[in-house]
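A.B. asks: Have a look at this one.
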Amino acid sequence: MSDTSHSPEHTLHPLKKIEIIVKGKRERFVQELLDRSGVSGYTIHRNVAGRGASGFHEGHLLFNDEASLVMFFAVSDQSKIQAIINGLSPLFESSSGVMFVSDTQVVRLKKFLGAEGPQHGGA
Amino acid sequence: MPTDLSVLRARVENAAKVLGRCWPLQSYIAANPLAGLEKLPFDEAVAQGEVLYKGRGYPNVAQLRAAWETGEIDAAHLADRLDAHGLTDAPAQLLDQMETAAETPVPNRSGDGPLNRAMAKWLAAFVDQGQATWAMPHRHEGFYTAWRAVARFDTTLAHRDRLRDLPKRPLEALALALSDVEAAQWETTLRYHMAALPGWASFIKWRSQDRHDAWQGAHPITMTGYLAARLHTARAIGQPVAPANLFDEARGATRNGRDQPPMAAPWLEAWEATYREQLLATLERAAPAVDTTGVAGRPKAQLVFCIDVRSEVIRRHLEQTGPYQTFGYAGFFGLPMQFQPYGSDAQITSCPPIVDPKHRIHETRSRTREETAATHDRWVALGQAGQRLIKSLKHNVAAAFGFVEASGGLFGMAMAVRTLMPGWLRTQQQAWTQHVPSPDTFCDLSLDRALAADQPEGLPLGLSTEERSYYAEAAFRLMGWQQFAPVVVFTGHASHTANNPYNSSLDCGACAGHPGGPNARTLAAVCNDPAVREDLSARGIDIPDDTVFLAAEHTTSTDVVQLFHPPALTKAQAGIVDQLRQDLRTARANTTAERARVLQGSRPAHAVADTERRAADWAETRPEWGLSGNAAFIIAPRALTAGLSLDGRAFLHAYNWRTDDRGTALETIMTGPLVVGEWINMQYYFSTVDNAVYGSGSKITQNVVGNVGVWQGNGGDLMTGLPLQSLQVDDLTPYHHPLRLLAVVYAPQGRVSRIVERNAQLRSLFDHEWMALTVLDPEQGNRRCSYQPGGTWAIPSAEPRGTQDTEPTLAL
């Protein structure tokens, strides 16, 4: 554990961060995966621009909400991030998109550990 | 979630990629049935369509022979394309060879008939939107749960005891059903089951992804739930979940389904080249006069129509009647909104399928016109009470017999009148409805933001001043507006037809298959707002004080253009509006006369009466041709096309390259309306080349199911495309020419190049030949530059036709 602070209020706890970039039409799939994975929260950036294997994607289009990219951030422990990776890997076999996993640190550990167990429901 | 379940969930998502989306009848969206395969080159995608859906992807030999014999396929273009494909036989021989090859029977889908029948039955019961008198139980718990509760009592399932102890959750149930299938084969198996009933599966795909559908909110259905039910039904019938021939078919799919390139491809290309060459040559001749063509001085009125191909005809005829200027703009007028009509709880999404609605607009009664509203309410309540009474008498077990005895004669007479005198009936109906004030005469639109009226799950009600100014500015910038007439009319469109489940397919596609009037009224009200005008003035768009904005709706079946209740007008404006009403009547007469030439059984001299009859006749299978014939999308100032007859085959979007240095407006047009145009074009294309698979067959044998779609006869797949009568003159004679869309842009080629380069979706559509792109470059003497797959441009020289494909290309 890498404690870089002398004050207990500022103790840093190691966690994993996942960043996911997919086409706008996959937003719902990824969001549901994150909801079911047990992470306590996530951030969504819509209308993301950038270049990937299929070329450049313009960010904000006035009359097209489907063509742009969407980016997700989530921070949690290794097991929940691993569950997200498992649920996303098959998608990237045939859909464009990327994910990055990195080490990160947080102060308020409880805030990021979220639900005990993963969820799986549906209609 | 256990790993295998999360992987399975991703496999379902992957397998569903091959499907397009199918919207319900109330908001029929013309979409490419092979939308799920659009990332592939056109030829590969149609080959996969042959494997997955047994659908033909090129025009059939009868269609090609007809086009060849009538000269729609030019001999020089055909020779050129045959040569490019390495075919050396004479055209007549090639047609005969195709005819012989077509006699080989197409294999039917493997024997899962009972499974398809069972699933169609349960799906129809579940998704019912008010057609059934007795609803399926447990629908609020979702499809899988509702099916699980009742399917075990289905006596048509020989092994229904296998359905007794299924898992409660659909994903676990699906995993259980796949327990005997290797994980590596899951996706292929799931894709096979989706493609078995592609119409229903496409409908589920749409509904499960739609955030705003009230029926999905009340009765949720997911692809996982459907597949779990389907695979367990297969087991209950005694069928294998993964049929033995499944993986052979999958191998076929990876081989593109056939060993030989399609013989029809060069014929299609030649057919397209013939049309495109004629169109482009005409536009090239008109281009030098772009800056001088049009109304001299300030026009009396300006009318903005939808880009729809049907607008081209009436715009042309209206312009001939007086000093009017017309524009083409996406028929939702740039307003991504839901509309709630007066007296209704329904929230109608009124924007294109690729745009998410962002605002709610309500029609609310005005305090200053209470008396008119009361009159309207009284008549409507009377009509509704009568309908309720008749329905309850018909459906009540005890009353039904007596009701039939007592009212049979009356209903018989009504039927005779509707059948024999539909035109007279319409006249009577119109006379009657004149007594009932329409909501626009006593309602206001809820433009003001009302925080208190916002709902937690709903969209914000109204528009802030900033938002209003934004949408108004977008409209004028996209169309390259330069001066304002005293009267500006935003003209939406709708179609009036009788007994037509496909009515919404004739309404405005940019409004998600709904009438465009509400959007037109909203934008007119926005532009009449003094605060908006002040904002626009600060941004360099000066709207004169004597300019008023009105709204109207063009009824495409009769070509009536009806103005909505106007705001207060000055004397001068009122005079212009009176004259405009007269000129719209003249334009209507001329437009219907032009349309009568191609509507079988119609005579130009009686065209107005004939279109009225068609709109009211419950036995009429072809009230209008809709967007049949569409083949081009022209992004240019009206001056380029004014005076040309484009035969109602071209979408027209106004654009002024001089007022759009950065290309922002053009990028919006190309990534929005043009993409929607491609959807519509592909719907018409595939519905024509294989009406049984990608269309919906004859209207005569269709039945509406659950108020969501149609099927043929009394069961089977949901039919997703257009009916035969919307595309063909008769069983053998096509009306719609199945040509892929040509986009023509009047702008500097470098600007267009940059836009294509930075929008992957556009580039994919052009590179994979789902549509074509040609630029007329005003900075290079209106030179024609044609985009080539891969990102280069072909520039024809002055050589004779037939050599243009060998021109040098420019790097992007």
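A.B. asks: I'm trying to understand the selection: among the residues of segment B:347-386, which are among the small types (Gly, Ala, Ser) and without any contact (Cβ under 8 Å) to a residue 12 or more places away in the chain? Spell out how you get there, then give the answer.
C.D. replies: The first filter runs over segment B:347-386 and keeps only residues among the small types (Gly, Ala, Ser), leaving B:350, B:366, B:373-374, B:381, B:383, B:385-386.
Passing the criteria: B:Ala374, B:Ala381, B:Gly383, B:Ala385, B:Gly386.
A.B. asks: Name the helices (runs of 4 or more DSSP H) wholly inside segment B:570-670 in which the number of residues that are within 14 Å of another protein chain (Cβ to nearest Cβ), open to solvent by less than 50 Å² (accessible area, probe 1.4 Å) and in contact (Cβ under 8 Å) with a residue 12 or more places away in the chain is 2 or more. Step through it out loud before you land on a result.
C.D. replies: Values: elements: B:571-596, B:607-616, B:638-641.
Output list is empty.
A.B. asks: Yes or no: B:Ala374 over 28 Å from B:Ala619 (Cβ atoms) and at pLDDT below 85?
C.D. replies: no
A.B. asks: Out of everything in segment B:737-770 that is modelled with pLDDT of 95 or more, in a loop (DSSP other than H, G, I, E, B) and over 22 Å from B:Ala45 (Cα atoms), what residue ends up being farthest from the other protein chains (Cβ to nearest Cβ)?
C.D. replies: Only one residue fits best here, namely B:Pro748.
A.B. asks: Related question: Of everything in segment B:199-227, what is open to solvent by less than 20 Å² (accessible area, probe 1.4 Å) and either away from chain A (no Cβ under 11 Å) or part of a loop (DSSP other than H, G, I, E, B) (or both)? Give them in sequence order.
C.D. replies: Matches in segment B:199-227: B:Gly199, B:Trp200, B:Ala201, B:Ser202, B:Phe203, B:Trp206, B:Ile221, B:Leu227.
To keep it simple, each residue is scored yes or no on (1) modelled with pLDDT of 95 or more; (2) touching an Asp or Glu at 6+ places or on another chain (Cβ under 9 Å).
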{"position": "B:Met1", "(1), (2)": "no, no"}
{"position": "B:Asp4", "(1), (2)": "no, no"}
{"position": "B:Val12", "(1), (2)": "yes, yes"}
{"position": "B:Leu25", "(1), (2)": "no, no"}
{"position": "B:Ile29", "(1), (2)": "no, no"}
{"position": "B:Leu34", "(1), (2)": "yes, no"}
{"position": "B:Pro41", "(1), (2)": "yes, yes"}
{"position": "B:Ala47", "(1), (2)": "no, no"}
{"position": "B:Glu50", "(1), (2)": "no, no"}
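A.B. asks: Quick check on this structure: which one of B:Leu176, B:Leu190 is open to solvent by 30 Å² or more (accessible area, probe 1.4 Å) and either in a helix (DSSP H, G or I) or small (Gly, Ala, Ser) (or both)?
C.D. replies: B:Leu176
A.B. asks: Mind listing whichever residues of segment B:156-173 are open to solvent by less than 30 Å² (accessible area, probe 1.4 Å) and over 12 Å from B:Tyr144 (Cβ atoms)?
C.D. replies: B:Leu157
A.B. asks: Return a yes/no flag: does segment B:170-182 have any residue that is touching a Gly at 6+ places or on another chain (Cβ under 6 Å), within 14 Å of chain A (Cβ to nearest Cβ) and free of Cβ contacts under 8 Å to residues at least 60 places away in the same chain.
C.D. replies: Yes, there is a match, as at least one residue in segment B:170-182 is touching a Gly at 6+ places or on another chain (Cβ under 6 Å), within 14 Å of chain A (Cβ to nearest Cβ) and free of Cβ contacts under 8 Å to residues at least 60 places away in the same chain.
A.B. asks: Hey, another quick one. Please tell me if B:Asn707 is touching a residue at least 12 places away in the same chain (Cβ under 8 Å), open to solvent by 10 Å² or more (accessible area, probe 1.4 Å) and touching an Asp or Glu at 6+ places or on another chain (Cβ under 9 Å).
C.D. replies: Values: touching a residue at least 12 places away in the same chain (Cβ under 8 Å): yes; open to solvent by 10 Å² or more (accessible area, probe 1.4 Å): yes; touching an Asp or Glu at 6+ places or on another chain (Cβ under 9 Å): yes.
Yes.
A.B. asks: Say whether the condition of being buried (at least 16 other Cβ atoms within 10 Å of the Cβ) and closer than 30 Å to B:Gln434 by Cα is met by at least one residue in segment B:353-361.
C.D. replies: Yes, the conditions are met somewhere in segment B:353-361.
A.B. asks: All but one of (1) within 21 Å of B:Leu741 (Cβ to Cβ); (2) not in a loop (DSSP other than H, G, I, E, B) hold for B:Tyr694, so report the exception by its number.
C.D. replies: For B:Tyr694, the failing item is (2).
A.B. asks: Does any residue of segment B:393-408 turn out to be among the aromatic types (Phe, Trp, Tyr), in a helix (DSSP H, G or I), surrounded by 12 or more Cβ atoms within 10 Å (Cβ to Cβ) and touching a residue at least 24 places away in the same chain (Cβ under 8 Å)?
C.D. replies: Filtering segment B:393-408 for residues among the aromatic types (Phe, Trp, Tyr) gives B:401, B:403.
Then drop every residue that is not in a helix (DSSP H, G or I), which leaves B:401, B:403.
Right, trim to surrounded by 12 or more Cβ atoms within 10 Å (Cβ to Cβ) and you get B:403.
Going one step further and asking which of them are touching a residue at least 24 places away in the same chain (Cβ under 8 Å), we end up with none.
Checked segment B:393-408: no residue is among the aromatic types (Phe, Trp, Tyr), in a helix (DSSP H, G or I), surrounded by 12 or more Cβ atoms within 10 Å (Cβ to Cβ) and touching a residue at least 24 places away in the same chain (Cβ under 8 Å).
A.B. asks: Something else now. Does B:Thr349 fit the bill of being hydroxyl-bearing (Ser, Thr, Tyr), under 23 Å from B:Thr522 (Cβ atoms), surrounded by fewer than 21 Cβ atoms within 10 Å (Cβ to Cβ) and out of contact with any Lys or Arg (no Cβ under 7 Å at 6 or more places or on another chain)?
C.D. replies: no
A.B. asks: Using the structure shown, decide if B:Arg230 is within 13 Å of chain A (Cβ to nearest Cβ) and either of a type in the set (Phe, Trp, Tyr) or closer than 30 Å to B:Ile29 by Cα (or both).
C.D. replies: Numbers: within 13 Å of chain A (Cβ to nearest Cβ): no; either of a type in the set (Phe, Trp, Tyr) or closer than 30 Å to B:Ile29 by Cα (or both): yes.
Answer is no for this residue.
A.B. asks: For segment B:718-729, state whether one or more residues are at pLDDT 95 or above, of a type in the set (Val, Ile, Thr) and touching a strand residue (DSSP E or B) at 6+ places or on another chain (Cβ under 9 Å).
C.D. replies: Within segment B:718-729 (the criterion being at pLDDT 95 or above, of a type in the set (Val, Ile, Thr) and touching a strand residue (DSSP E or B) at 6+ places or on another chain (Cβ under 9 Å)), the answer is no, since none of the residues qualifies.
A.B. asks: Filter segment B:775-784 down to the residues that are under 22 Å from B:Ala273 (Cβ atoms), surrounded by fewer than 22 Cβ atoms within 10 Å (Cβ to Cβ) and in contact (Cβ under 8 Å) with a residue 60 or more places away in the chain, then identify the one that is farthest from the other protein chains (Cβ to nearest Cβ).
C.D. replies: Once the filter is applied, the top-ranked residue is B:Asn782.
A.B. asks: Pick from segment B:452-499 the residues that are closer than 19 Å to B:His359 by Cα and touching a Pro at 6+ places or on another chain (Cβ under 8 Å): which of them is most open to solvent (accessible area, probe 1.4 Å)?
C.D. replies: Selected residue: B:Asp454.
A.B. asks: Then there is this: Enumerate the helices (runs of 4 or more DSSP H) found wholly within segment B:1-71, keeping only those where 1 or more residues are open to solvent by 20 Å² or more (accessible area, probe 1.4 Å) and more than 14 Å from chain A (Cβ to nearest Cβ).
C.D. replies: Where helices (runs of 4 or more DSSP H) fall fully within segment B:1-71 and carry at least 1 residues being open to solvent by 20 Å² or more (accessible area, probe 1.4 Å) and more than 14 Å from chain A (Cβ to nearest Cβ), they are B:42-53, B:61-69.
A.B. asks: Going through A:Val98, A:Val39, A:Val48 one at a time, which residue ends up being within 17 Å of B:Arg758 (Cβ to Cβ) and more than 10 Å from chain B (Cβ to nearest Cβ)?
C.D. replies: A:Val48
A.B. asks: Here's another thing I want to ask about it. Just give me the residues in segment B:522-546 being part of a helix (DSSP H, G or I) and open to solvent by less than 30 Å² (accessible area, probe 1.4 Å), in sequence order. Lay out the reasoning, then the answer.
C.D. replies: So the first thing to find is which residues in segment B:522-546 are part of a helix (DSSP H, G or I), and the list is B:522-527, B:530-538.
Result: B:Thr522, B:Leu523, B:Ala524, B:Val526, B:Cys527, B:Val532, B:Leu536.
The values are calculated or read from the model by the stated rules, or taken from the named source; none is laboratory data. Please read all numbers here as calculations on a predicted model, not as lab measurements. Neighbour counts are summed over all protein chains in view; Cβ atoms, including those assigned to glycine, are modelled from backbone coordinates with ideal geometry. Surface accessibility is based on the protein's heavy atoms, side chains included, excluding ligands, DNA and RNA. Shrake-Rupley method; radii C 1.70, N 1.55, O 1.52, S 1.80 Å.
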